[in-house]
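Presented below is the structure to which this report refers.
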Amino acid sequence: MGVYTSVFWHGLRRYATYRAATAAGILTNSVFGCVSAFVLIAVWEARPGLAGWDAADAVAFVFVAQALIGVVAPFGPSLEIGERIRTGDVAIDLIRPVALPAWWLAQDLGRAAFGAVFRGVPTFAVGALLFTLTLPDGPAQWLAFAAATLLAALVGFGLRYLYALSAFWVVDDRGVQAVAWLVGPFFSGMFLPLALFPEPLGAVLRALPWSAMVQVPAEVFLGDHTGAGLAAALGFQAAWAAALLLAGRALTATAVRRVVVQGG
Amino acid sequence: MAEAGAYLRLAAAWFRSAAQYPLSLALLTLSQVGAAMSSVLAIVFVFGHARVLSGFDLGDVLFLYALSGLAFGLADFAFGSVEQLGTHIRTGTLDTMLVRPVSVLVQIAVDRFSPRRLGKVVPAAITLCYALPRLDTDWTPARIAMVPATVLCGAAICTAIWILGASLQFYVTEAREAANSVTYGGSALTEYPLSIYGQDVMRVVTFVVPLAFVNWQPALFILDRPDPLGLPEWVRFAAPAVAVALLACAALVWRTGMRRYASTGS
């Protein structure tokens, strides 16, 4: 366990090094948050009560989504393992006496933890300063949101690990990553809340893993789920996290058995 | 003109390089098309709920989106790679470019040039063709001429913004994402009528970062709408002047940045 804790801290400290990049990220996420917030405020002015939300709920959704960018990384960064597979450096990773997926999970959770605290919180704070937005009622709802965020990070990693593993087969994983960066933000509700999607598209997207990255945690934040509904929402995220992580482990085993590392 | 020739030859070389991984090239192009499509879809979904946003209907907003998408898409197509300046500085590849007998700006702009970047332009062009006949406006010759002029000036303004944003990386190497807030952020902002953002934002994007001239001000003329800021009529025709001024400003800032660049060393 010790080695994974250590990898976690290294992942966290690695991102902590780039302070200007973090500040730039907060600026960009805040600008996009403001643009989306203004658009949704106009929509809710035209259609008050749409999706059971008021304008303050919609604005909160937007900034929770922007704050989650640093955690679930729907636009990247891609896991470095994709690049390492392409260059053949993965051979060194395979020599290490640790499980490959767990190593990268620990490192990515370090990145996510840093992103949550130093990128997500400031981005949300900018939104709270500039707009009227809904906050969770009481500590129980904050706690539920924290759990949903952790599960979102696991789902985000699970997906990005699978994208990166594709490099074992297609060698150059950039195309796969590019499609992933397109699909992720759109399917997760980051561009536009899934509640605004026409049915049945909205319902289909809600069942897919991407919605566990943004849509579900944001709904938990707004208190849309209570009691059994909350358990179902968190269970949905946990089920996708488990399925993706297990798929990642199984695919790693297959890849290691039958793929020749680049360079012979 | 030698610069343009170098650009074309380097672009052809990078194109051959990109074509070596056909699956990646196809997927990368597809992702650019998809990114543009997802913006269009978001607009359509939004207007599925609200028929009119601050006096603009779906057709008007698709028109605004198409103008902005074409301007940003063309700028990204030709000059988008300049945002990688920080990476070139950090890894030292900028030094390699400095010893070659071609303008550094051309080399960076064409770096990893790939036809995938046209992926953003095509959906915007299709949207424009779809939106134009559906606009409720009196098509005088001046209004018709304004459409291509807007695309041209918009692309020039976006190119200048891209270069200005990238030049920031001469001073703060890791600041790539900060420039994204005006490039990609500006592209997202100009998809909708600026009037939904309120007067303060409108003043900023008119007088500070002149995104209003990419599509909004010319569109007010084409669609014959009043300016919510009450600016004089001639402002609607100011895009060419803004484009020239901003390009001059970008050239100056880029040259200043290049002059003070002293390599990262080691």
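A few points about this structure:
- Scanning the stretch B:21-51 for residues that are farther than 24 Å from B:ARG112 by Cβ and either acidic (Asp, Glu) or more than 7 Å from chain A (Cβ to nearest Cβ) (or both) turns up B:VAL40, B:LEU41, B:ILE43, B:VAL44, B:PHE47, B:ARG51.
- Matching helices (runs of 4 or more DSSP H) fully within the stretch A:1-88 where at least 1 residues are within 22 Å of A:TRP103 (Cβ to Cβ): A:2-16, A:55-72, A:80-87
- Among the conditions (1) surrounded by fewer than 17 Cβ atoms within 10 Å (Cβ to Cβ); (2) touching a residue at least 60 places away in the same chain (Cβ under 8 Å); (3) within 14 Å of chain A (Cβ to nearest Cβ); (4) part of a helix (DSSP H, G or I), B:ARG112 misses just one, which is (4).
- Evaluating A:LEU27 against the criteria (1) within 11 Å of chain B (Cβ to nearest Cβ); (2) surrounded by fewer than 23 Cβ atoms within 10 Å (Cβ to Cβ); (3) under 29 Å from A:GLY248 (Cβ atoms); (4) out of contact with any Pro (no Cβ under 8 Å at 6 or more places or on another chain) leaves one unmet condition, (3).
- Looking only at the stretch A:42-58, residues that are in contact (Cβ under 8 Å) with a residue 60 or more places away in the chain and either closer than 17 Å to A:PRO122 by Cα or within 8 Å of chain B (Cβ to nearest Cβ) (or both) come to 2 in all.
- Members of the stretch B:13-32 that are under 28 Å from B:LEU128 (Cβ atoms) and either in contact with a Pro (Cβ under 6 Å, 6 or more places away or on another chain) or surrounded by fewer than 16 Cβ atoms within 10 Å (Cβ to Cβ) (or both): B:PHE15, B:ALA26
- When B:ASP60, B:ASP95 are checked against the criterion of being part of a helix (DSSP H, G or I), more than 17 Å from B:ASN180 (Cβ to Cβ), of a type in the set (Asp, Glu) and touching a Pro at 6+ places or on another chain (Cβ under 9 Å), a single residue qualifies: B:ASP60.
- Hey, A:VAL155 among the β-branched types (Val, Ile, Thr), within 30 Å of B:TYR21 (Cβ to Cβ) and either touching a strand residue (DSSP E or B) at 6+ places or on another chain (Cβ under 7 Å) or surrounded by 24 or more Cβ atoms within 10 Å (Cβ to Cβ) (or both) or not: yes
- Residues of the stretch A:193-224 classified as touching a residue at least 40 places away in the same chain (Cβ under 8 Å) and outside any helix (DSSP H, G or I), total: 5
- The single residue among A:GLY235, A:GLY175, A:GLY229, A:GLY184 that is part of a helix (DSSP H, G or I), more than 14 Å from chain B (Cβ to nearest Cβ) and over 21 Å from A:ASP57 (Cα atoms) turns out to be A:GLY235.
- The stretch B:160-192: number of residues that are more than 7 Å from chain A (Cβ to nearest Cβ), of a type outside the set (D, E, K, R) and either closer than 13 Å to B:VAL214 by Cβ or assigned to a helix (DSSP H, G or I) (or both): 19
- Candidate set from the stretch A:187-211 (those that are among the aromatic types (Phe, Trp, Tyr) and closer than 24 Å to A:GLY82 by Cα); member that is nearest to the other protein chains (Cβ to nearest Cβ): A:PHE187
- Residue in the stretch B:54-70 that is surrounded by fewer than 24 Cβ atoms within 10 Å (Cβ to Cβ), facing chain A (nearest Cβ under 7 Å) and not charged (D, E, K, R) present: yes
- Residues that are touching a residue at least 24 places away in the same chain (Cβ under 8 Å) and under 11 Å from A:LEU196 (Cα atoms), drawn from the stretch B:32-55: B:ILE43
Rule-based calculations on the coordinates, nothing more; no lab input. Bear in mind the structure is a predicted one, so any value in this text is a computation, not a measurement. Backbone-built Cβ (ideal geometry, glycine too); neighbour counts: all protein chains shown.
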